[in-house]
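Here is the structure we will look at, set down as structure tokens.
The values are calculated or read from the model by the stated rules, or taken from the named source; none is laboratory data. This one's a predicted model, so the numbers in the text were calculated from it and none came from an experiment. Ideal geometry is used to build each Cβ from the backbone, glycine not excepted, and the neighbour counts take in all protein chains shown.
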């Protein structure tokens, strides 16, 4: 008797015609790597598939890992059973093979495409009638159904193994003009009138980075659909519904569609607004008909996408229609059916998806309706790697594991939809890059790491698109001096991303906030730009005064929105420039603490260290007035590091002049050490201004001048005596800034005892 195995999703990135078999079972059955094996569905022995045996070291002893196309061919769900044996039967040549696309083709059906299909079938070698195959074509995976026409010779056979066909060079491939759906033996009249789901079928192995959430949903749904008697035996009511919530693009709809498909149950998909009717009572009637159909065809999965559009809070509903719809859905989810239909109603599960869970009516979220709420959050680095691997299985590529990990580590804050967009954009760049190869070589196009890097620069995270900033590319090497400040910024922002295990090992948390203070023009904002470029985190810049609004409550809402987006796009950096305009000491306005500024500050304090934790979000603030900032903001836990960015010292000034003068054309007599010595007391911005104004003065003398020099000889010259201009500018700027320098230094000395 042939051994029986349980079917699980394939975890391998191998080709679709392989079946992953536990190594010890291959040894026991004397099956070798590369042998052909034939699988029979226990539900229907006539449904078979021929695959190539491949060893698996991770599978349990009696578990086979099958690709989604193989499961579709045999009409198998996860957890079903198949029998397996080594294939030794006859292999008849397929004289004619009909290929039908599963979806309407968006590509030309010509000789080139037919030759591609023929070559792909030759690679498969053996097929069965009704087999589902996935093939990469023009950068995307296309799904097709193979059909061997009954009129083909040799179809009248007695041995069941002879229904396996051998593709040869002489096999004639024909393409059906219209898409075909896979024919199954369990179709019945009960499916007549069922709303058809025309979207592409999704399998569990096509979902990356959501293994824990998928397992939870499967546990809830499959037990209810397949074994509701287990609950009834203990006097329990089976779970009725599961609500999936999270930011847009994280995979909520994808999971629900995969569950509806893999559960091998009758499925009904409702897109929230589509059942709304303008006629009185018609919307409620549609809902009742849908649930009646679900009970009649149980087991059934009802998936309601964007459920917040269908069931808003009744006290906030804009019209009576929404209130009636919510009430009807609540009644239907409670299972108000007759006793004869109670058993069937226990085999109906409702899946809901929304990115606005707080907009749903509270009565809908109680146990007995939506028993479990599962958050589908923004993926971390490991989840992004899994998502990219799942997407790229359908895209020809030459990416190594290390290159994929590099892309996953760079894509902070990207959700599954963003990663899919990156892969799609990389495919388009690959096609453009390889256009000169000609159409004949189009099937050999391959996405490489350069395509992915170009794509990730163009695709921004969904959460950041409203606040997209083109941050200038400033690097640490562009900031002259301030080595100690740069090192402390790296420790606070870059180390937690690059060495998280070190923080965990020592039991400490990364700094939550950093304040840069000092005189104007000392590179505070410039260092924030360099931090945004070098850290690779998502960067949100907030100019203090822009948060204020004349409308009551809008200013505090703007602060909440900034941090909400920062959490959604984490790891991220929120940079508050001129934070003294936003965080002035409370009560300084003299109106008893009820001013807008006081309320905004309170909101900022709560966001930095309130009930809701601030995870993977670093706040960097800059000011030249630290004395007016509220003390509560400067305590550890909110602003952990307070860094004084003072005027540059001699080595720093020399570095600033070196960076600035390398962009200019100067004669050899310009000596950096001399310039740095003469500019004692100047800030970085003033040093840059000296170079800029010197060049402009030289252009005033002669617009065609080639370079700027530092001549000391007397007499007529077209070049600017730079050291003289340096002294003039220094004396000019010194009077304006001396008082401010003095006040800042006094504050600095107070803070540091």
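Okay, here's what the table says:
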read-out: Condition check for residue 623: in contact with a strand residue (DSSP E or B) (Cβ under 6 Å, 6 or more places away or on another chain), over 22 Å from residue 521 (Cβ atoms) and modelled with pLDDT of 80 or more; value: no
read-out: Tally of residues being touching a strand residue (DSSP E or B) at 6+ places or on another chain (Cβ under 7 Å) and either assigned to a loop (DSSP other than H, G, I, E, B) or modelled with pLDDT under 80 (or both) across segment 108-124; value: 1
read-out: Identity of the residue in segment 443-462, outside any loop (DSSP other than H, G, I, E, B) and out of contact with any helix residue (DSSP H, G or I) (no Cβ under 7 Å at 6 or more places or on another chain), that ends up modelled with the lowest pLDDT; value: 444
read-out: From 465, 488, residue being modelled with pLDDT under 85 and within 30 Å of residue 547 (Cα to Cα); value: 465
read-out: Entirely in segment 564-683, the helices (runs of 4 or more DSSP H) that have 1 or more residues that are without any contact (Cβ under 8 Å) to a residue 60 or more places away in the chain and outside the structural domain of residue 497 (by the TED database); value: 650-661, 672-678
read-out: Any hit, segment 17-39, residues being modelled with pLDDT under 80, on the phi < 0 side of the Ramachandran plot and over 32 Å from the mean Cα position of the chain (by Cα); value: no
read-out: Qualifying strands (runs of 3 or more DSSP E) (wholly inside segment 250-368; at least 3 residues being within 29 Å of residue 417 (Cβ to Cβ) and at pLDDT 85 or above); value: 300-305, 348-354
read-out: Residue in segment 576-587 that is in contact with a strand residue (DSSP E or B) (Cβ under 9 Å, 6 or more places away or on another chain) and at positive phi present; value: yes
read-out: Hey, residue 34 free of Cβ contacts under 8 Å to residues at least 40 places away in the same chain, surrounded by fewer than 18 Cβ atoms within 10 Å (Cβ to Cβ) and part of a loop (DSSP other than H, G, I, E, B) or not; value: yes
read-out: Qualifying residue in segment 90-99 (condition: touching a helix residue (DSSP H, G or I) at 6+ places or on another chain (Cβ under 6 Å), part of a strand (DSSP E or B) and surrounded by 21 or more Cβ atoms within 10 Å (Cβ to Cβ)); value: yes
read-out: Verdict on residue 510 being touching a helix residue (DSSP H, G or I) at 6+ places or on another chain (Cβ under 9 Å) and either at pLDDT below 85 or under 24 Å from residue 580 (Cα atoms) (or both); value: yes
read-out: Cβ pairs under 9 Å, 6+ apart, first in segment 119-132 and more than 16 Å from residue 52 (Cα to Cα) and assigned by the TED database to the domain that holds residue 146, second modelled with pLDDT under 85 and assigned to a helix (DSSP H, G or I); value: 119/443; 129/163; 130/73
read-out: Test: residue in segment 263-273 that is on the phi > 0 side of the Ramachandran plot, within 34 Å of the chain's Cα centre (by Cα) and surrounded by 14 or more Cβ atoms within 10 Å (Cβ to Cβ); value: yes
read-out: Selected residue (criterion: surrounded by the fewest Cβ atoms within 10 Å (Cβ to Cβ)) from residues of segment 635-692 that are closer than 30 Å to residue 607 by Cβ and touching a helix residue (DSSP H, G or I) at 6+ places or on another chain (Cβ under 7 Å); value: 637
read-out: Residue that is modelled with the lowest pLDDT [pool: residues in segment 147-167 that are within 19 Å of residue 36 (Cα to Cα) and surrounded by 15 or more Cβ atoms within 10 Å (Cβ to Cβ)]; value: 161
read-out: Some residue of segment 392-404 being surrounded by fewer than 16 Cβ atoms within 10 Å (Cβ to Cβ), under 18 Å from residue 245 (Cα atoms) and either assigned by the TED database to the domain that holds residue 458 or modelled with pLDDT under 85 (or both); value: no
read-out: Single unsatisfied condition, residue 6 versus (1) in a strand (DSSP E or B); (2) modelled with pLDDT under 80; (3) surrounded by 18 or more Cβ atoms within 10 Å (Cβ to Cβ); value: (3)
read-out: Residue in segment 427-442 that is modelled with pLDDT of 85 or more, farther than 18 Å from residue 249 by Cα and part of a loop (DSSP other than H, G, I, E, B) present; value: no
read-out: Whichever residue in segment 58-68 is in a loop (DSSP other than H, G, I, E, B) and under 11 Å from residue 21 (Cβ atoms) and, among such residues, is modelled with the highest pLDDT; value: 62
